[in-house]
Amino acid sequence: EMLRSLVGSEMCIRDRLYVEDVKTSTEFYTKLLSCKAKSLSPTFVSINLASGPLLELKQRAETLPPSDITGGGTELSIAASSKDSLMEVYETWVANGVVCLQPPAELVFGTTFVVLDPDQHRIRVFSQ
């Protein structure tokens, strides 16, 4: 109830990644996800994703209170509309030099692959 009174009826959850170089990470994500970024400060960027949520990038050295969190501790997940679209995205990203951690594989929940951003954050794409 307290949270609802704080944010109202429209709750907006945002994913924030701490990055070493906000400019490098902004370029990576805007190219990878074909979306636009809005600079909120020299060390903080907000990216509107096509599906509605926001991805925020914060320069780790400028985070208060300080954080020692680095890549790999979390994973962004993107649902593909089909296995064919998943494969198309995989081939495009790898051809553009995105580092692949796990090539496409059939797992219990469907087909998936995992790539890494410049800070080693995992990006999982999956289809059921």
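Yes/no per residue for (1) surrounded by 12 or more Cβ atoms within 10 Å (Cβ to Cβ); (2) touching a Phe, Trp or Tyr at 6+ places or on another chain (Cβ under 6 Å); (3) polar (S, T, N, Q):
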residue: Glu62; (1), (2), (3): yes, no, no
residue: Gly72; (1), (2), (3): yes, no, no
residue: Ser82; (1), (2), (3): no, no, yes
residue: Trp93; (1), (2), (3): yes, no, no
residue: Cys100; (1), (2), (3): yes, no, no
residue: Ala105; (1), (2), (3): no, no, no
residue: Phe109; (1), (2), (3): no, no, no
residue: Pro118; (1), (2), (3): yes, yes, no
> Can you name every residue in the stretch 21-76 that is without any contact (Cβ under 8 Å) to a residue 40 or more places away in the chain and among the β-branched types (Val, Ile, Thr)?
Replying inline: Val22, Thr26, Thr30, Thr43, Val45, Ile47
>> Here is a check on your reading of the model: is Ala105 over 16 Å from the mean Cα position of the chain (by Cα) and either part of a strand (DSSP E or B) or free of Cβ contacts under 8 Å to residues at least 40 places away in the same chain (or both)?
In response: yes
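Can you list the strands (runs of 3 or more DSSP E) lying wholly within the stretch 13-56 that have 2 or more residues being closer than 18 Å to Val98 by Cβ?
14-19
Tell me which residues, restricted to the stretch 58-95, are of a type in the set (A, V, I, L, M), in a strand (DSSP E or B) and under 23 Å from Tyr18 (Cβ atoms).
Once the filter is applied, which keeps residues that are of a type in the set (A, V, I, L, M), in a strand (DSSP E or B) and under 23 Å from Tyr18 (Cβ atoms), the stretch 58-95 yields Leu76, Ile78.
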>> Given the criterion in contact with a helix residue (DSSP H, G or I) (Cβ under 8 Å, 6 or more places away or on another chain), at pLDDT 90 or above and surrounded by 18 or more Cβ atoms within 10 Å (Cβ to Cβ), identify the matching residue among Val125, Val22.
In response: Val125
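The values are calculated or read from the model by the stated rules, or taken from the named source; none is laboratory data. Not measured: the values here are computed from a predicted model. Cβ coordinates were reconstructed from backbone atoms using ideal geometry, including for glycine residues, and neighbour counts include every protein chain displayed.
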